[in-house]
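K.L.:
Pasting in a structure now, in structure tokens, and then I'll have a few things to ask.
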């Protein structure tokens, strides 16, 4: 049974605990203290990841004081990409709305997410990529959103350089996702290598990023199965960047 089947199927109770557990309990419409047992292992990580993803997305959408229609549409698009069933989509919307609350405990949520992910850098990177993608929903990144995103980076253990590289990946993919639309400068930023890098260094960077975004590996570490399409899209962007550089260099 999938992680969400445990929540709704009644096979056994669960208790995530902490701020993520409180958010999930509010979205489900009941308190977690009335449940017995625990959700463990990969399914626990998947539950925490899903809960944090949509609640933090709601918090970011409210960063500039209002939630735009494009930001709401971005959240809906993400839900469609994940092919959420009606029950899960309803829960995601409730989590998004929970994140818009004035007293949303961002730091506590991020700290618990990091613990639940067991500091798996590649898994938390996907979380950050999703948040950045959602923040760019209206075509630009507001300063208030950027401040929160940089704070998220710091809280999860990412450097400013890593943030810039993820942002470059998003911009490059947004220009078409094909070598005909992606700029060469963005391709180098996506692979996080300079134009002076050797062919061997370019290939090494490509292999590293491909491994980090491999959908099956991420699911094994706790990415919800519904988010595999997002990871696959990122892998495609990385491959597109690599192919563009290969073509330009004659590799």
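No value in this document is a laboratory result; all are computed from the given coordinates. The shown structure was predicted, so the numbers you read here are calculated from the model rather than taken from an experiment. Cβ coordinates were reconstructed from backbone atoms using ideal geometry, including for glycine residues, and neighbour counts include every protein chain displayed.
K.L.:
Semi-axes of the equivalent ellipsoid of region 103-251: what are they in whole Å, largest first, if each equals the square root of 5 times a C-alpha gyration tensor eigenvalue?
P.N.:
Those come to 27, 17, 14 Å.
K.L.:
Hey, rough spin-label estimate for residue 90 and residue 161, points 7 angstrom out along Cα→Cβ, what's it come to in nanometres?
P.N.:
Once both label points are built, they end up 4.8 nm from each other.
K.L.:
Further, regarding this structure: Between residue 143 and residue 211, what is the label-to-label distance in nm when each label sits 7 Å out along the Cα-to-Cβ direction?
P.N.:
4.1
K.L.:
Give, in nm to one decimal, the length gained when the segment between residue 70 and residue 100 is fully stretched (0.36 nm per residue of separation minus the Cα-Cα distance).
P.N.:
9.2 nm
K.L.:
Between residue 183 and residue 118, what's the calculated FRET efficiency when r is the beta-carbon distance and R0 is 41 Å? Round to 0.05.
P.N.:
Efficiency computed from Cβ-Cβ geometry: 0.65.
K.L.:
Right, another one. Roughly speaking, what is the stretch gain from residue 220 to residue 204, that is 0.36 nm per residue apart minus the C-alpha to C-alpha distance, in nm to one decimal?
P.N.:
That works out to 3.4 nm of additional length.
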